[in-house]
Amino acid sequence: MALFRGVVFLDGSSVSLPRSALSLNLPAMAKSKTKRAKGKKHHAAVEPMLEFGDRWDYAPAPESTPVPLKKRYPLYIGGKFVAAKSGRVFRSINPASGKKLTDIAAGGPEDVDRAVKAARKALAGPWGKMPAAERGKFLYRIARMVQERSRELAILETMDGGKPIKESRDVDLPLVAAHFFYHAGWADKLEYAFPGRKPKAIGVCGQVIPWNFPLMMAAWKLAPALACGNTVVLKPAETTSVTALHLAEIIADSGLPDGVVNIVTGKGSAGAAIVDHPDVDKVAFTGSTRVGKQIAAAAATSGKRLTLELGGKAANILFDDAPLDQAVEGIINGIYFNQGHVCCAGSRLLVQESVYDKVMRKLSDRIKTLRVGDPLDKNTDIGAINSKAQLQRIRELVDCGVAEGARLHQSKCKLPSEGYWFKPSFFTGVTASHRIAREEIFGPVLSVMTFRTPEEAIERANNTCYGLSAGVWTDKGSKIHKVAAELKAGVIWANTYNKFDPASPFGGYKESGFGREGGLQGLAAYVDIS
Ligand code: NDP
């Protein structure tokens with residue numbers, strides 16, 4: 001029977017194609033066929049280029065309907081929305097347009113002090129005396145209210161931070177609710193979590209969070225702290241404070257006793273004031289390794305409990321026996337998810353030499369399909385860079401990569417004329433000494449290196465000051481176990497990447513910090529079992 005070589009379209013029509021055209025992309029086929037008919041030489045060994053990108057326009061998603069923002073967002077202290085003592089505000093910018101979204105109260109040390117006092121008072125009040133099962137009910141209630149308002153929160157998260165709506169809607173918000181649900185279940189089972197011990201709340205927790213997953217980081221910090229009976233003073237990042245203050249509305253509406261959660265927006269100095277406050281019992285920080293080190297130094301002399309979740313430079317290791325198409329999806333997700341603003345991003349790709357050319361070709365083709373642009377468009381894959389400062393930092397490191405001799409590959413996609421954007425990019429010809437192989441770029445930029453043996457892959461992967469995460473791609477289960485056991489990383493994904501679950505502890509080694517968030521280990525960071 002003659003084999004049909006062609007394309008069957010979804011409407012049932014079909015077209016026969018010469019064998020050489022079968023690996024082409026559809027829009028390009030007609031052109032290449034004409035050229036060949038005119039007698040142009042065709043190199044069978046060279047796969048033709050795929051063309052994607054700007055060919056299709058999609059209808060907007062319901063999520064693209066804007067949500068009204070308040071003109072000014074106050075602090076949330078002692079169950080009340082209040083202005084900063086100084087009366088000062090700072091501007092919050094939409095990174096997709098570079099334009100002002102709203103004004104946010106610029107809290108300072110005196111506001112932090114008010115918040116810590118409110119948190120201390122709540123501990124001594126109804127919250128401290130509340131039966132654990134009742135505590136759990138508040139967490140369940142907050143989780144459900146987050147779900148009810150998830151469309152609004154996802155849109156705000158995208159407007160404020162620049163991440164694609166499909167990520168804030170399908171990843172961030174479900175995980176925010178999941179964290180509250182998960183920890184709600186633990187609230188009255190702490191004796192089972194720590195058998196034979198008498199787990200008690202630590203006290204007032206100071207929490208400082210970054211801008212890459214604003215609401216999710218707030219949930220990761222608040223949920224375990226509340227489940228264990230603590231009270232909190234939380235400082236969101238300056239560029240992404242809006243959703244934390246909408247979460248404050250939910251918290252207020254949930255009926256949580258006043259002062260249990262306090263949110264102080266402001267600059268880094270407000271974070272430092274929380275860390276330095278003498279009546280804060282525990283500090284939890286997620287952010288840069290630079291600030292993490294300062295906080296560790298401050299906490300070392302104060303006796304405060306501390307957990308740090310800092311930077312990363314994860315190796316995503318691709319062996320030649322891996323399912324390559326699946327692995328390429330994992331590489332794309334690993335580095336371009338959330339514009340690469342991810343502490344556990346798979347920012348160093350280690351490819352086994354024997355499949356290097358093939359993988360690079362597949363990766364280039366896949367990158368061409370990524371849609372960069374309006375974060376509120378449901379089809380956008382890569383949104384805006386979170387801030388002008390972060391864009392400058394990405395550019396500086398990319399320029400450095402070029403100057404140091406690595407080869408830059410970039411998508412040809414068009415970028416919007418306003419706002420902060422960076423094309424999805426990758427570097428080849430990277431050596432371990434290049435800055436782009438050592439430092440966190442925190443943008444959509446991948447550094448590709450090669451290896452020959454599993455031992456070399458492990459050595460290269462561990463050759464970093466960080467140790468937050470890693471990925472392993474191979475068909476062999478035994479290889480996964482061997483490699484994973486020798487990688488110095490807190491989280492290791494096998495044949496997948498960027499999978500999160502509230503039951504699964506997350507955290508790092510070395511300069512990626514210490515302590516875990518999520519799971520039993522995450523709870524341990526919020527109880528006193530001494
Ligand atoms: P920072 O570490 O400065 O910011 C994280 C949080 O800490 C923010 O809320 C920030 O406030 C606050 N902060 C700043 N200084 C202090 C201080 N001295 N004491 C207490 N809190 C403080 O990160 P950046 O925003 O400056 O980002 C720089 C780089 O850090 C990125 O390029 C990336 O490489 C890395 N990073 C890593 C993250 C991670 O998840 N591991 C998250 C964010 C950044 P404010 O926003 O007002 O400055």
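The values are calculated or read from the model by the stated rules, or taken from the named source; none is laboratory data. Quick caveat, the model's predicted, so the values are computed rather than measured. Cβ coordinates were reconstructed from backbone atoms using ideal geometry, including for glycine residues, and neighbour counts include every protein chain displayed. Please note that ligands, DNA and RNA were not included when accessible areas were found on the heavy atoms of the full protein model with its side chains. Shrake-Rupley method; radii C 1.70, N 1.55, O 1.52, S 1.80 Å.
Worth pointing out:
- Residue within the range 331-340 that is within 28 Å of Ser288 (Cα to Cα) and without any contact (Cβ under 8 Å) to a residue 60 or more places away in the chain present: yes
- Any chance Gly128 is of a type in the set (Gly, Ala, Ser), farther than 30 Å from Gly443 by Cβ and open to solvent by 30 Å² or more (accessible area, probe 1.4 Å): yes
- Residue check for Leu415: assigned to a loop (DSSP other than H, G, I, E, B) and either in the same structural domain as Glu353 (by TED's automatic domain parsing) or closer than 27 Å to Leu308 by Cβ (or both): yes
- Hey, Asp103 of a type in the set (D, E, K, R), touching a Lys or Arg at 6+ places or on another chain (Cβ under 8 Å) and crowded, with 20+ Cβ neighbours inside 10 Å or not: no
- Residue within the range 412-430 that is surrounded by 15 or more Cβ atoms within 10 Å (Cβ to Cβ) and of a type in the set (D, E, K, R) present: yes
- Evaluation of Tyr356 against (1) away from the ligand (no atom under 11 Å from the Cβ); (2) outside any strand (DSSP E or B); (3) open to solvent by less than 10 Å² (accessible area, probe 1.4 Å); (4) in contact (Cβ under 8 Å) with a residue 40 or more places away in the chain (one fails), failing number: (3)
- Test: residue in the range 437-453 that is at pLDDT 95 or above, open to solvent by 20 Å² or more (accessible area, probe 1.4 Å), closer than 25 Å to Trp473 by Cβ and of a type in the set (Asp, Glu): yes
- Of the residues contained in the range 178-199, none is found to be within 16 Å of the ligand (Cβ to nearest atom) and of a type in the set (A, V, I, L, M).
- Taken together, the residues in the range 490-508 that are closer than 17 Å to Asn316 by Cβ and part of a loop (DSSP other than H, G, I, E, B) amount to 8.
- Any chance Ser168 is polar (S, T, N, Q), at pLDDT 95 or above and open to solvent by 10 Å² or more (accessible area, probe 1.4 Å): no
- Considered as a group, the residues in the range 377-401 that are in contact (Cβ under 8 Å) with a residue 12 or more places away in the chain and open to solvent by 30 Å² or more (accessible area, probe 1.4 Å) include one that is nearest to Asp170 (Cα to Cα), and that residue is Lys378.
- Only one of Val275, Val260, Val264 that is β-branched (Val, Ile, Thr), farther than 22 Å from Phe506 by Cβ and within 16 Å of the ligand (Cβ to nearest atom): Val264
- The single condition from (1) more than 15 Å from Leu349 (Cα to Cα); (2) under 20 Å from the mean Cα position of the chain (by Cα); (3) crowded, with 22+ Cβ neighbours inside 10 Å; (4) not acidic (Asp, Glu) that Gly471 fails is (1).
- Each residue in the range 205-242 was checked for being within 16 Å of the ligand (Cβ to nearest atom) and more than 11 Å from Thr265 (Cα to Cα), and 17 pass.
- Counted residues, the range 243-253 - those being among the β-branched types (Val, Ile, Thr) and within 14 Å of the ligand (Cβ to nearest atom): 1
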